[in-house]
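Have a look at the structure below, then the notes.
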Amino acid sequence: MPDLKPDIEGFHKALVTSVNLERYGPDDVARDFRQVFAGDDIVGRRVLFMILTWCGEYDVSEDEDPESRVPPLDPALLQRWAGKREIAAKLKAALYADLTTSPE
């Protein structure tokens, strides 16, 4: 079992240094997302499901208010709602990206 002691600084440093953004393009993102989330490993699909649920894509509670998909009127809540929806849209865009076209 992995060590679960939080090393936030080390984790953050590992994340920031894990990608050279100058050489990591949209096709690379799409391939990585498909490998992690759409492969044969059920864990990737479960993690993606939870992330999209947190972003409001899936209603998992029977008590869920049908109005929860309607943008709130309060500006602070609206900003949070829109941010979650944008993350979900970016995740889906990476997963559904067309990798058959070649760069010009």
- Note on the structure: Calc'd 3J(HN,Hα), region 31-37, phi into Karplus 6.51 cos²θ - 1.76 cosθ + 1.60 (θ = phi - 60°), Hz, glycine/Pro = x, comes to 4, 5, 4, 5, 5, 7, 9
- Message: Through the Karplus equation 6.51 cos²θ - 1.76 cosθ + 1.60, θ set to phi - 60°, convert the phi angles of region 78-83 into ³J(HN,Hα) values in whole Hz; use x for Gly and Pro.
- Response: 5, 5, 5, 4, 5, x
- List, in order, the whole-Hz ³J(HN,Hα) value for each residue of region 39-53 obtained from phi through the Karplus relation with A = 6.51, B = -1.76, C = 1.60 and θ = phi - 60°; use x for Gly and Pro. x, 7, 7, 5, 4, x, 5, 5, 5, 4, 4, 5, 4, 5, 5
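Any read-out appearing in this document is the output of simple, stated calculations on the displayed coordinates, not a laboratory observation. What you are looking at is a predicted structure, and each value in this text was computed from that prediction instead of being measured.
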